[in-house]
Amino acid sequence: MIQLHGGNIQQLPGILDFSANISPLGMPESVREAAIRSIDSAESYPDPYCVQLRQRIVETEDIPPENIVCGNGAADLIFRIVHAMRPGRALVCAPCFLEYERALTETGCRTDRHILRETEGFRLTERILTDLTPDTDICFLCTPNNPTGLLIEPELLGRIAHRCAEKGILLVCDECFMGFTEKPEEYSLRRFLSEKTVILRAFTKLFAMPGLRLGYALCGSQAVADAIAGSGQFWSVSSPAQAAGIAALDEKGLAGRTAAFVREQRGYLLTAMEEAGIRVYGGQANYIFFRSGPGLAGRMLREGILIRDCRNYAGLSGGYYRIAVRTQEENKVFLEALRRCLDG
């Protein structure tokens with residue numbers, strides 16, 4: 001069973017979902033309560049400018065509110081960026097999140113792929129600098145990358161940002177999983193923010209609220225922010241999502257606690273999977289990218305566990321998979337099922 005994305009479990013009742021990379025700690029109760037309390041406001045249109053939410057993001061991100069655009073998840077903002085900028089030629093990495101190329105294709109943009117090589121552990125290297133040519137209009141990066149979970153080294157990210165600014169390329173950096181890493185400030189593009197950069201963030205993963213759909217873009221240029229804000233639907237963020245986002249930003253210390261929990265459980269999974277003879281590729285996010293025999297996803301599904309078959313990622317073939325880091329009890333169930341599948 002190959003899914004376009006993880007988390008599609010509506011037709012799979014009772015399944016244990018390891019395909020979606022959501023925080024194993026679940027939605028904070030304060031966020032849940034804020035969304036519930038806001039339901040009466042659903043009788044009116046939501047604030048199309050997300051004024052209160054953007055002001056709270058300002059306090060966290062230290063960037064002017066006019067440089068922030070909120071959207072119906074980061075995926076919504078990807079499409080709005082592409083439709084607003086109308087690039088003629090783009091550069092994406094492969095494998096990487098599928099929605100970049102889908103959005104670019106929708107507008108007729110020519111898309112070049114920078115292939116992440118298995119011989120290099122699927123890490124982004126300085127090879128990408130030669131692909132950032134003057135006829136490139138936009139470049140999408142993802143750090144930690146999806147599906148590999150690997151971070152871009154800060155020195156290389158700075159060089160990429162400098163080259164994009166030099167060549168007039170808009171650099172969009174997806175950091176939706178950065179909150180799960182140990183040193184987010186060190187690895188974020190935020191240090192290199194310029195008029196030619198946009199950073200994507202989301203509440204979806206860290207606060208376990210994918211059904212509410214909420215993300216935001218940090219733009220180095222107000223003109224770029226205005227263009228993105230003017231693209232797509234007018235009421236892009238619902239009232240419950242805005243209320244939940246404000247409450248989430250009040251959850252001080254959550255990111256650190258979650259990152260520590262994920263680090264411990266990721267290590268537990270990695271060690272056990274390596275001992276089982278599986279080729280794993282490390283990673284610093286709340287998911288693990290690995291290689292095993294073909295057909296593993298189907299066998300795991302028969303065990304009642306859904307994992308992400310990565311065959312539909314550009315640059316990958318059969319035998320590559322991704323799993324989420326979940327609770328210790330769930331991770332134990334996964335490993336027991338995995339061993340049964342590997343034993344035949």
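For a straight C-alpha distance cut-off of 27 angstrom, the lysines reachable from Lys332 (same-chain residues fewer than eight places away being disregarded) are Lys205.
Note on Gln233 and Asp135: the extension gain reaches 32.3 nm, defined as 0.36 nm multiplied by sequence separation minus the Cα-Cα distance. Between the residues Gln265, Ile63, Thr119, the greatest Cα displacement towards the positive end of the dipole of the chain, with unit charges on the Cβ of Lys, Arg, Asp and Glu, is found for Thr119.
Rounded to the nearest 500, what is the 222 nm mean residue ellipticity of the chain from helices alone, with -39500 (n - 2.57) per DSSP H run of 4+ residues and division by all residues? Write out the running numbers ahead of the final one.
Details: 12 runs with 126 residues, N = 344.
Helix-only estimate at 222 nm: -11000 deg cm²/dmol.
Principal semi-axes of the equivalent ellipsoid, √(5λ) from the alpha carbon gyration tensor of segment 108-166, are 19, 14, 11 Å from largest down. Unpaired cysteine residues in the chain (no second Cys Cβ under 4.7 Å): Cys109, Cys139, Cys142, Cys164, Cys173, Cys176, Cys219, Cys310, Cys341. Full extension of the chain segment joining Thr119 with Arg279 gains 56.3 nm, where the gain is 0.36 nm per residue of separation less the Cα-Cα distance. Taking 0.36 nm per residue of separation and subtracting the Cα-Cα distance, full extension of the segment from Ser317 to Asp62 would add 87.6 nm. Histogrammed with a bin width of 10 Å, the alpha carbon distances of the chain distribute as 5, 26, 34, 25, 9, 1 percent, first bin at zero. Quick one: check the C-alpha center-to-center distance for segment 152-229 versus segment 109-135, whole angstrom. Here the answer is 18 Å between Cα centres. Neighbours of Thr119, meaning other residues whose beta-carbon lies under 14 angstrom from its beta-carbon, give a summed charge of +3 when Lys and Arg score +1 and Asp and Glu score -1.
Mean sequence separation of contacting Cα pairs (under 8 Å, at least six apart), scaled by the length of segment 29-249, corresponds to a relative contact order of 32 percent. In this entry, segment 229-344 is assigned a mean projected area of 10.3 nm², taken as a quarter of its C-alpha convex hull surface. Across the options Ala75, Gly315, Ala241, the greatest Cα extent toward the positive end of the charge dipole of the chain (unit charges at beta carbon of Lys, Arg, Asp, Glu) belongs to Gly315. Of Gly220, Gly108, Gly230, the residue with the greatest mean-square motion in the GNM of the chain, using alpha carbon springs below 10 Å, is Gly108.
Let me spell out the model: positive unit charges on the Cβ of Lys and Arg, negative unit charges on the Cβ of Asp and Glu, origin at the Cα centre of segment 15-166. What dipole size does that give, in debye rounded to 20? Present the calculation step by step, with values, prior to reporting the outcome.
On the way: 15 positive and 24 negative charges, 76 e Å.
So the dipole magnitude of segment 15-166 works out to roughly 360 debye.
Give, as a single signed number, the net charge of other residues whose beta carbon lies under 15 Å from the beta carbon of Ser194, with Lys and Arg counted +1 and Asp and Glu -1. Local net charge: +4. Close amide-amide hydrogen proximity is noted between Leu170 and Ile138, Cys139, each under 5 Å apart and 5 or more residues distant or on a separate chain (H modeled in the peptide plane; Pro and chain starts excluded). Say we join alpha carbon atoms closer than 10 Å with springs in a Gaussian network model of the chain; which of Pro147, Pro95, Pro48 then has the biggest fluctuation? Of Pro147, Pro95, Pro48, the most mobile in the Gaussian network model is Pro48. Taking other residues whose beta carbon is less than 15 angstrom from the beta carbon of Gly215, and scoring Lys, Arg as +1 and Asp, Glu as -1, yields +1.
By a straight-distance test (C-alpha under 30 Å), which lysines pair with Lys167 as possible cross-link partners, with residues fewer than eight away in the same chain excluded? In chain and number order, the partners are Lys183, Lys196.
Residue order for Ser23, Ser41, Ser239, fewest other beta carbons within 10 angstrom first, comes to Ser41, Ser239, Ser23.
With both partners inside the chain, how many of the DSSP beta bridges are antiparallel, as a percent to the nearest 5? Provide the component values of the computation, followed by the final result.
On the way: 18 of 38 bridges.
Percent antiparallel among DSSP bridges in the chain is about 45.
A short reminder: the numbers here are calculations on the coordinates, not readings from a lab. For clarity, every value in this text was computed on a predicted model and none was experimentally measured. Cβ sites come from the backbone with ideal geometry, for glycine too, and all protein chains shown count toward neighbours.
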